[in-house]
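The values are calculated or read from the model by the stated rules, or taken from the named source; none is laboratory data. Since the model is a prediction, treat every value here as computed from it, not as a measurement. So basically every Cβ, Gly included, is an ideal-geometry build from the backbone, and we count neighbours across all protein chains shown.
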Amino acid sequence: MDFLPKDIESYAAAMSSPEQDLLKRLNRETHARILKPRMLSGHLQGLLLSFISRMVRPLHILEIGTYTGYSALCLAEGLREGGKLHTIDHNEELEDFTSKYIQKAGYGDRIIQHIGEAIDVIPELDMEFDLVFIDADKENYINYFNMVLPKMVKGGVLLADNALWSGKVLSETEEMDSETSGIATFNRHVRNHPGVRNLLLPFRDGIMMMEKI
């Protein structure tokens, strides 16, 4: 869900750097061939992820929720020389589709795909992350946060998508489904956690931005 009026969002896109040709093709093919294309980060969010990554200049990036790879390609733009992006998704049916675009972007040796449940994969990653992006099953957001925060460098940036969940986070607690409850619980947990400073950015479906302190 986008919270801006469509004409304002279109104006913002028109006044921003244009979508790269490869990302445009990925965007178009995802909408034509893949289920739930609204899960794609898209032009404006992709630019935001790219800006943040290029400001952080990470050596190691972790992405939880690959989908078709749009956000991974944007995040990889800021990698330092020799840096790696590890991206995790449980849907093996999308692996070849995503890999095709990773190779076309020239990131075949820099983006490492992991197929499996993030809860199982994360403990196997023996490194410290400068930048983390969470965009996966909402019920586990709080678990992912608790697992990755100790693996992040001080000053590292953690981003979580869908933090407003189409506005459903404003519902009464007893009316929330499991996904909404997962997001709302995560938001409160982050807000009260002594190890991060945070900003819930009301952009698209909400991005929770955190810095490890």
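Per-residue answers, yes or no, for (1) without any contact (Cβ under 8 Å) to a residue 60 or more places away in the chain; (2) charged (D, E, K, R); (3) buried (at least 18 other Cβ atoms within 10 Å of the Cβ):
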{"site": "Leu131", "(1), (2), (3)": "no, no, yes"}
{"site": "Asp161", "(1), (2), (3)": "no, yes, yes"}
{"site": "Gly167", "(1), (2), (3)": "no, no, no"}
{"site": "Ser178", "(1), (2), (3)": "yes, no, no"}
{"site": "Ser181", "(1), (2), (3)": "yes, no, yes"}
{"site": "Arg197", "(1), (2), (3)": "yes, yes, no"}
{"site": "Pro202", "(1), (2), (3)": "no, no, no"}
{"site": "Asp205", "(1), (2), (3)": "no, yes, yes"}
{"site": "Ile213", "(1), (2), (3)": "yes, no, no"}
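Scanning the range 142-165 for residues that are at positive phi and in contact with a strand residue (DSSP E or B) (Cβ under 7 Å, 6 or more places away or on another chain) turns up at least one hit. When Thr68, Thr98, Thr87 are screened for being closer than 22 Å to Gln45 by Cβ, touching an Asp or Glu at 6+ places or on another chain (Cβ under 6 Å) and among the polar types (S, T, N, Q), only Thr87 passes. Of all residues in the range 178-213, those that are modelled with pLDDT of 95 or more, outside any strand (DSSP E or B) and hydrophobic (A, V, I, L, M, F, W, C) total 5.
Evaluated against (1) surrounded by 15 or more Cβ atoms within 10 Å (Cβ to Cβ); (2) within 16 Å of the chain's Cα centre (by Cα), Glu9 falls short on exactly one condition, (2). Among the residues here, Tyr144 qualifies as crowded, with 22+ Cβ neighbours inside 10 Å and either of a type in the set (Ser, Thr, Tyr) or touching a His at 6+ places or on another chain (Cβ under 8 Å) (or both). When Ile64, Ile34, Ile102, Ile52 are screened for being crowded, with 21+ Cβ neighbours inside 10 Å and touching a residue at least 40 places away in the same chain (Cβ under 8 Å), only Ile64 passes.
Of all residue pairs spaced 6 or more apart or on separate chains, those with beta-carbon atoms under 8 Å, a first member in the range 9-30 that is touching a residue at least 24 places away in the same chain (Cβ under 8 Å) and a second member that is of a type in the set (Lys, Arg) are Leu22/Lys104. Tell me, please, whether a residue that is part of a strand (DSSP E or B) and under 18 Å from Pro58 (Cα atoms) can be found in the range 159-177. Yes, the range 159-177 has at least one match.
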